[in-house]
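S.K.: I have a structure here, written as structure tokens, and I will follow up with some questions on it.
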Amino acid sequence: MGSATLLLALFLLSVLITAPRAQAATFKCSSGPTCNALIDYVSPNTTTLSAIQTLFGVENFLTLLGANSLPTSTLANQSVAANDKIVIPFGCRCSNGTGISDHRPVYTVQKGDGLDHIAVDVFSRLVTYQEIQEVNNISDPSVIEVGQELWIPLPCSCDKENGSAVVHYGHVVESGSTVEEIAEEYGTTEETLLELNGITDPKTLQAGAVLDVPLKACTSVVRNTSLDYPLLLSNGTYAYTANNCVKCQCHSSNNWTLQCEQSGLQISNGTCPSMECGSSRLYIGNSTSTTCNKTTCAYAGYTNQTIFTSLVTESTCSSTGNAPSYASKITLPSWRWNFVFIVSQLVMLYLHHSQ
């Protein structure tokens, strides 16, 4: 029995040595400002949306709903089955050429926890224990204390893609997926995904890997001094901003333009500031139209005391529809046509008599 136990131990040791190690997902990030990012969380156990919100430190429950395109009537105690995906919205910042979550989420160490358990089992391999160790300045990964607060550095990016602002989405690759399929599903190219993620051979893509997928974002007029700048939303998502006074959403059917309106929510700290565009009598989300133009009162950002607005005018007629026809270009007043007719008749009469 002793030799059998030894052989079993050696076998298990060989499995541990040869088993693939979790690879850190490193997203390139060289831009200066912070931004909003997304990442998949595959729940290892049955849980609730409320528990996930708490685990990842998502301040506003509505933000979690918006990132998952769930109706605002969704309850916080809604069940999430094991292995279901929930998209997590979080703040991102650049550091030394890579992007990491901006000091959130913060995990409080429980009895029996180890760094590897926290990385693998609690946060479903979105990070490695070495990354947690590094950002928290832990000298010995085997020594952590109950109650200790650990910053979990989720991978992210704030970089533009081909000159355009995008929402970087940490997509957890499902078994059987290909780079080509993922690119087609999320409206990007295989070449872009390979370059962003440093993949030389698309056949090496592994299930469970966290892939940087750039999602096209709706454009807006939010000023760079706003507390929510840059307000980037991808297709089909929404967010509440300006202390829940404003709801904004992105839909490709609206020409990729951010659509914002008054939220209508009860505000805990009183009433919302004015949302009128000057003296136009238009409020955020309202518009007025003329023959070929539509003017909208658009959301332009906020401070703690003020909500900024901007009147935005867009053409509703096609360029060919606006351009005058060729006939209208050569049309002359009636008296000028009469004059041309008389002159032409005199010229013809002169030529006739001169023959």
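S.K.: Which one is farthest from residue 250 (Cα to Cα), of the residues in the stretch 273-308 that are more than 26 Å from the chain's Cα centre (by Cα) and among the hydrophobic types (A, V, I, L, M, F, W, C)?
M.R.: Looking at the filtered set, the residue picked out is 292.
S.K.: Since residue 270 meets every condition but one in (1) in a loop (DSSP other than H, G, I, E, B); (2) surrounded by 12 or more Cβ atoms within 10 Å (Cβ to Cβ), which condition does it not meet?
M.R.: All conditions are met except number (2).
S.K.: Which of the residues spanning the stretch 88-107 are under 19 Å from residue 48 (Cα atoms), out of contact with any helix residue (DSSP H, G or I) (no Cβ under 6 Å at 6 or more places or on another chain) and among the β-branched types (Val, Ile, Thr)?
M.R.: 106
Okay, residues lined up against (1) among the small types (Gly, Ala, Ser); (2) in the same structural domain as residue 100 (by TED's automatic domain parsing):
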| residue | (1), (2) |
| --- | --- |
| 114 | yes, no |
| 127 | no, no |
| 130 | no, no |
| 149 | no, no |
| 158 | no, yes |
| 205 | no, yes |
| 208 | yes, yes |
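S.K.: Okay, moving on. Whether any residue in the stretch 258-268 is among the charged types (D, E, K, R) and modelled with pLDDT under 95 is what I want to check.
M.R.: Scanning the stretch 258-268 turns up no residue that is among the charged types (D, E, K, R) and modelled with pLDDT under 95.
S.K.: Separate question: Can you tell me which residue is nearest to residue 63 (Cα to Cα) among those in the stretch 196-235 that are assigned to a loop (DSSP other than H, G, I, E, B) and of a type in the set (Asp, Glu)?
M.R.: 228
S.K.: Report whether or not residue 300 is touching a residue at least 60 places away in the same chain (Cβ under 8 Å) and of a type in the set (A, V, I, L, M, F, W, C). Walk me through it before giving the result.
M.R.: Working: touching a residue at least 60 places away in the same chain (Cβ under 8 Å): yes; of a type in the set (A, V, I, L, M, F, W, C): yes.
It is true that residue 300 is touching a residue at least 60 places away in the same chain (Cβ under 8 Å) and of a type in the set (A, V, I, L, M, F, W, C).
The values are calculated or read from the model by the stated rules, or taken from the named source; none is laboratory data. Remember, it's a predicted structure, so these values are computed and weren't measured experimentally. FYI the Cβ positions are ideal-geometry reconstructions off the backbone, even for glycines, and counts take in every protein chain you see.
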